[in-house]
Amino acid sequence: MAIRDIIRMGHPTLRLEATPYPRDKIGSPEYQQLISDMQDTLEESGGIGLAAPQINESVQVVVIEVPEEGTRYGETEALGNTIYINPSIRVVNEETAGYWEGCLSVPGMMGFVERPQHIVVDYINDSNEEVQIELKEFLATVFQHELDHLFGRLYIDHIKDMSLFTYEEEYRTFHLDES
Ligand code: ZN
């Protein structure tokens, strides 16, 4: 078990473009340590995704785990704990939908962000294979949020209406019912 510190907005690493992870290192002890640290840290945080830059490792690795329906994230498909290496996004349909997003690196805040709702992500999996996954709606937003972390972007960069950037408590009090 190694729970790592999650760096917060203002830390320069969050604004860097992360380096692609070397494929010949997938499966190495160093790789296994990174993945195990990321999974422990994600589990401890209660979040649904963690990108390596958030633990100050500027490499293109993301762990995502979306829990079953009926969670606080509302109606969505579950997605088991999965590792995405060197991912890239292709937008299938530019049509956007908005969701309230939060981020472990911007604790205590929520913001309403509109993003394309149908994407394909090409990535390298934990077995060093090139694979792709098609995502719609909430899951498409989750992936775009996490992959942004690999390119120095945060969800706050996408908020169009700053009146919809709030503290979590005010989100629950004033905005939850209408979202
Ligand atoms: Zn985030």
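The values are calculated or read from the model by the stated rules, or taken from the named source; none is laboratory data. These figures come from a predicted structure and were not determined experimentally. Reconstructed Cβ throughout: ideal geometry from the backbone, glycine too, with neighbour counts over all protein chains shown. What goes into the accessible areas is simple: the full protein's heavy atoms, side chains included, and nothing from ligands, DNA or RNA. Shrake-Rupley method; radii C 1.70, N 1.55, O 1.52, S 1.80 Å.
Things to note:
- Being under 16 Å from the mean Cα position of the chain (by Cα) and within 19 Å of Val131 (Cβ to Cβ) is a property that Gly27 lacks.
- The set of residues from segment 105-141 being within 16 Å of the ligand (Cβ to nearest atom), out of contact with any helix residue (DSSP H, G or I) (no Cβ under 7 Å at 6 or more places or on another chain) and under 19 Å from Val92 (Cβ atoms) comprises Phe138, Leu139, Ala140, Thr141.
- Contact map, segment 32-58: first residue over 19 Å from Phe143 (Cα atoms), second residue part of a helix (DSSP H, G or I) and more than 10 Å from the ligand (Cβ to nearest atom), Cβ cut-off under 6 Å, separation 6 or more or different chains; pairs are Asn56/Thr13.
Let's see how each residue does on (1) in contact with a His (Cβ under 9 Å, 6 or more places away or on another chain); (2) open to solvent by 60 Å² or more (accessible area, probe 1.4 Å):
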| position | (1), (2) |
| --- | --- |
| Gly108 | no, no |
| Gly111 | yes, no |
| Glu114 | yes, yes |
| Ile119 | no, no |
| Asp126 | no, yes |
| Ala140 | yes, no |
| Met162 | no, yes |
| Tyr167 | no, yes |
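- Qualifying residues in segment 24-62 (those that are more than 16 Å from the ligand (Cβ to nearest atom), aliphatic (A, V, I, L, M) and in a helix (DSSP H, G or I)) - the one farthest from Asn125 (Cα to Cα): Leu34
- Matching residues in segment 142-157 - criterion: being surrounded by fewer than 18 Cβ atoms within 10 Å (Cβ to Cβ) and away from the ligand (no atom under 11 Å from the Cβ): Phe151, Gly152, Asp157
- Residues that are of a type in the set (Lys, Arg) and part of a loop (DSSP other than H, G, I, E, B) were ranked within segment 1-23; the one that is farthest from Asn128 (Cα to Cα) is Arg8.
- Close Cβ contacts (under 9 Å, 6 or more residues apart or on different chains) running from residues in segment 101-124 that are within 19 Å of Val66 (Cα to Cα) and without any contact (Cβ under 8 Å) to a residue 40 or more places away in the chain to residues that are within 11 Å of the ligand (Cβ to nearest atom) and open to solvent by less than 10 Å² (accessible area, probe 1.4 Å) comprise Val121/Leu147; Tyr123/Val62.
- Unique match (being within 17 Å of the chain's Cα centre (by Cα) and farther than 20 Å from Leu104 by Cβ) among Glu44, Glu77, Glu65: Glu77
- Glu114 meets the conditions (1) acidic (Asp, Glu); (2) in a strand (DSSP E or B); (3) closer than 30 Å to Asp24 by Cβ in every case but one. The failed one is (3).
- Answer from Thr19, Thr71 - the residue that is away from the ligand (no atom under 13 Å from the Cβ), surrounded by fewer than 19 Cβ atoms within 10 Å (Cβ to Cβ) and at pLDDT 95 or above: Thr19
- Top-ranked residue in segment 80-104 [being within 24 Å of Asp40 (Cβ to Cβ) and away from the ligand (no atom under 16 Å from the Cβ); ranked as surrounded by the fewest Cβ atoms within 10 Å (Cβ to Cβ)]: Gly80
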